[in-house]
Amino acid sequence: MIITQTPLRIGLLGGGTDLPGYYREHGGRVLNCAIDKYIYVIVKQRFDDDIYVNYSKKEIVSRVEDLEHELVREAMWMTGVTEGVEITTLADIPSAGGSGLGSSSAVTVGLLHALFAYQGRQVSAEQLAESACVIEIERCGKPIGKQDQYIAALGGIRDIRFGPGDKVATEEVVLSGAERRALQRQIMLFYTGTTRNADSILAEQNANIATTRPQLDLLRDLAGFAVDRLRGGDVDVIGPAMRESWEAKRKLASGVSNDRIDRAVSRALQAGALGAKLTGAGGGGFVLVICPVERQSAVRESLADLTELPVKLDGLGSRVVFNVLRDIWG
C-alpha cells in the first residue's frame, strides 16, 4: 500500500501568465506557495485483476481504458500500473468542481507519485510536475497553465518562470523564520460556498490573450517585483501588489469575478485588508485576503457570510507518507 500527501496552493501573484498562449512568446512568472491542506492518494494491491477507483463516485472496471476518471486513467497508463489495484483519492477541501486551490493538479501529481512508488520507482519533483502537465494539458486537453503542477510537486514559496518557449524554471523564495511567520500571519482564506469549472473561464482567457496583453504583462511584472522585494525581507509587499493585480486579473475574462465576489473583496479592503482576490482562475472557490493581524477581526466580521479556512504555509511538496511494498501473492 502507498499513500501520498500532496499540498494545495494559493497563487499570490502572476496567475494567468502561465498559459502557453501567453508565456511561449512573452514569458510568464508567478509567485505561488503551498499550504497545509492536502490531497491524499491511496494505492492498494487487489486480490484479483480488477481496478477499483474511489472518489466522489466508485468505479469498478477490468480495463484501464474503461475508467471514466481521466486523470486516474492517464496516470495508470503513464506509470504502467494497469491492473489489480484499488485507488482512492481524498481531499481536505470541497472537491466537487473547482476550488481555486489547484486541487486537480494536486490529484494528478499525487496519483503519479503514488503509482510510481507502487512500481518501486523514485522520480524527481520536476519529473512529477512535467508528467502531470503532459497528462492534464496534452492528453486531457485542459486549457490550463503549469503553475499548479509545479507547486504541488515542489512545495514551499516559489518563483516560477515560464518561457519564452516551453522552458520552466523554478526557484524557492527562501525567507528567515521570522519573515515566513510574518507572511503567514497575514494570510486569510475564506470559502465562498460555491465551486466552479475553471475550464470555460480559462478557455475565454486563452481566447482573449491578444486583447488582454497589457493586463498579462502587468500581472507578470508584479510577480517579479514582489519576488525581488520578498527576497529582501519585505513581506508587506504582497498585499498592495495583490490589490493591483486583482484589478488586472478581473479583465482577463468575463467569468473571473461576479457581483458577490466583488462585494466580498470590497468589504475586506474597507475593513483594513492590504489586498484581496479570488484564488485560481475565478468564478468561485476561495477569497484570499492579505491583512495585518490587528485588522483581521474587522475583516472576519465583514466577511461573516463566508467560511474562514485557517491555513499555514507548507515547505514541502508531494511526499509518500506510507509505503508498505508487500505482494499479497508473495
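The values are calculated or read from the model by the stated rules, or taken from the named source; none is laboratory data. Since this is a predicted model, take the numbers as computed values, not measurements. Every residue, glycine among them, receives a Cβ derived from its backbone with ideal geometry; neighbour counts consider all protein chains shown. All accessible areas refer to the heavy atoms of the entire protein, side chains included, with ligands and DNA or RNA removed. Shrake-Rupley method; radii C 1.70, N 1.55, O 1.52, S 1.80 Å.
Accessible area per residue for the chain in Å², computed with a 1.4 Å probe and the full protein assembly in place, what is it?
Result: 41 Å² of accessible area for each residue.
Which three lengths, in whole Å and largest first, does the stretch 259-328 cover when its Cα atoms are put on their principal axes?
Rounded to whole Å, the extents work out to 59, 28, 18 Å.
How large is log10 of I(q)/I(0) for the chain at q = 0.13 Å⁻¹ when the intensity is taken from the Debye formula with one equal scatterer per alpha-carbon?
Those come out to -0.92, one per q.
I'd like to know which of Ile35, Ile209, Leu67 lies farthest towards the positive end of the charge dipole of the chain, counting +1 on Cβ of Lys and Arg and -1 on Cβ of Asp and Glu.
Sorting the options by dipole projection puts first Ile35.
What whole-number value in cubic angstrom gives the convex hull volume per residue for the C-alpha atoms of the stretch 197-292?
Taking the convex hull of the Cα positions in the stretch 197-292, it is 89 Å³ per residue.
In square nanometres, what is the average projected area of the Cα convex hull of the stretch 1-128?
The directionally averaged projection comes out at 8.6 nm².
Give, rounded to the nearest 20 debye, the magnitude of the charge dipole that the stretch 42-143 has about its Cα centre when Lys and Arg contribute +1 at Cβ and Asp and Glu contribute -1 at Cβ.
For the stretch 42-143, the charge dipole is close to 180 debye.
With a ≥ b ≥ c the root eigenvalues of the C-alpha gyration tensor of the stretch 186-251, is it rounded (a/c under 1.5), prolate (a/b larger than b/c) or oblate?
Judged from the Cα gyration tensor, the stretch 186-251 comes out oblate (a/c at least 1.5, b/c at or above a/b).
Which value in deg cm²/dmol, rounded to the nearest 500, describes the helix-derived mean residue ellipticity at 222 nm for the chain, given -39,500 (n - 2.57) per DSSP H run of n ≥ 4 and division by the residue count?
-11000 deg cm²/dmol
Relative to the longest principal axis of the chain, what angle (0 to 90°, nearest 10) does the C-alpha long axis of helix 177-186 take?
The angle comes out at about 80 degrees.
Tell me whether the stretch 111-203 comes out rounded, prolate or oblate; compute the Cα gyration tensor, take square roots of the eigenvalues as a ≥ b ≥ c, and use a/c under 1.5 as the rounded threshold. Spell out each step's value before the answer.
Numbers: a/c = 1.59, a/b = 1.20, b/c = 1.33.
Oblate, because a/c is 1.5 or more while a/b does not exceed b/c.
Give the relative contact order (percent, whole number) for the chain; include only Cα pairs under 8 Å separated by 6+ residues.
Values: 745 pairs, mean separation 90.1, N = 330.
Once divided by the residue count of the chain, the mean separation gives 27 percent.
Mind listing the Cα extents of the stretch 54-192 along all three principal axes, in Å, largest one first?
53, 36, 31 Å, listed from the longest principal axis down.
Once you list every other residue whose beta carbon is under 12 Å from the beta carbon of Ile144, what net charge do they have if Lys and Arg are +1 and Asp and Glu are -1? Can you show the working numbers first?
Details: positive: Lys142, Lys146; negative: Asp18, Glu136, Glu138, Asp148, Asp199.
Charge balance near Ile144 sits at -3.
Send over the semi-axes of the stretch 81-139's equivalent ellipsoid, whole angstrom and largest first, taken as the square roots of 5 times the C-alpha gyration tensor eigenvalues.
20, 15, 11
Report, to two decimal places, the Cα Rg of the stretch 149-261 normalised by 2.2 N^0.38 Å (N = number of residues).
Computed over Cα atoms of the stretch 149-261, the ratio equals 1.18.
So for the stretch 1-157, averaging the separation of alpha carbon pairs under 8 Å that are six or more residues apart and normalising by length, what relative contact order in percent results?
Once divided by the residue count of the stretch 1-157, the mean separation gives 30 percent.
How long are the semi-axes of the ellipsoid equivalent to the stretch 1-43, from square roots of 5 times the Cα gyration tensor eigenvalues, in whole Å, largest first?
Semi-axes from the Cα gyration tensor: 29, 13, 6 Å.
For the stretch 149-206, compute Rh as the Kirkwood radius over C-alpha pairs and then the Stokes-Einstein diffusion coefficient at 10 °C and 1.306 mPa s; write the answer in µm²/s, rounded to an integer. Could the numbers behind the result be given before it?
Values: Rh = 14.8 Å.
Here the translational diffusion coefficient equals 107 µm²/s.
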